[in-house]
């Protein structure tokens, strides 16, 4: 069974002209998962699926460019007459707490009336139909996970936000497609440490993990996107692409 990946948003940190923040729809058979829900991404989600069609939402960490659209999703589901259940929501520590705090204090309904929240941690394994998800530690300031998604023997890996390291290499080992953040370009010492990857560093991770294809995402505003790709190709000799909003990939 193939994995279908749709890029709902690929911008890093804030929306940019023609690009919204992190969000990815993963489909395999009848299973639909939303990975992250950054600013604007769920508008694109609804081109392909409604919130009630999702089996689950998986959030990599609490930064709002990865989860803020679940507040809009709360209202979309709360007033959907066809909704029959709470939507399972999985995220590491601080995700649910952050989202509850963002919900308007005068809202007459509770966040947990719409979302069925589950706190997860590195090492956890989840199952949704034919899709298995293994979570790995991601090197980023708040509690953050990378996701290894497997259907039969096909593997998609989503880095989330990360500064790389051995955990990400282990997560991405032999993946068919690595969807990897590459926020920056140039000398890593020009940026705050232990937060994000440059294009070259993303390519080095892909090479060390032996992945088949690298798709770069989460490029920050003001960064030369072409330079990010060039850097990655200098470090990784496999196929490299830059994620574009609404791009679709069939894996396996």
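At-a-glance table
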| read-out | value |
| --- | --- |
| So residue 13, is it buried (at least 18 other Cβ atoms within 10 Å of the Cβ) and modelled with pLDDT under 95 | yes |
| Filter result (touching a helix residue (DSSP H, G or I) at 6+ places or on another chain (Cβ under 8 Å), closer than 21 Å to residue 124 by Cβ and loosely packed, with under 15 Cβ neighbours inside 10 Å) within the range 43-99 | 86 |
| Answer residue from the range 108-146, given it is loosely packed, with under 13 Cβ neighbours inside 10 Å and without any contact (Cβ under 8 Å) to a residue 24 or more places away in the chain and is nearest to residue 24 (Cα to Cα) among those | 127 |
| Verdict on residue 176 being within 18 Å of the chain's Cα centre (by Cα), closer than 21 Å to residue 216 by Cβ and crowded, with 21+ Cβ neighbours inside 10 Å | no |
| Elements of type helices (runs of 4 or more DSSP H) in the range 19-126, at least 1 residues being over 28 Å from residue 151 (Cα atoms) and touching a strand residue (DSSP E or B) at 6+ places or on another chain (Cβ under 7 Å) | 69-78 |
| Matching residues, the range 214-244, being surrounded by 21 or more Cβ atoms within 10 Å (Cβ to Cβ) and within 16 Å of the chain's Cα centre (by Cα) | 214, 215, 216, 217, 218, 219, 243 |
| Residues located in the range 176-204, provided they are closer than 22 Å to residue 132 by Cβ and in contact with a helix residue (DSSP H, G or I) (Cβ under 7 Å, 6 or more places away or on another chain) | 178, 180 |
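The values are calculated or read from the model by the stated rules, or taken from the named source; none is laboratory data. For clarity, every value in this text was computed on a predicted model and none was experimentally measured. Positions of Cβ are backbone-derived with ideal geometry, glycine not excepted, and every protein chain shown enters the neighbour counts.
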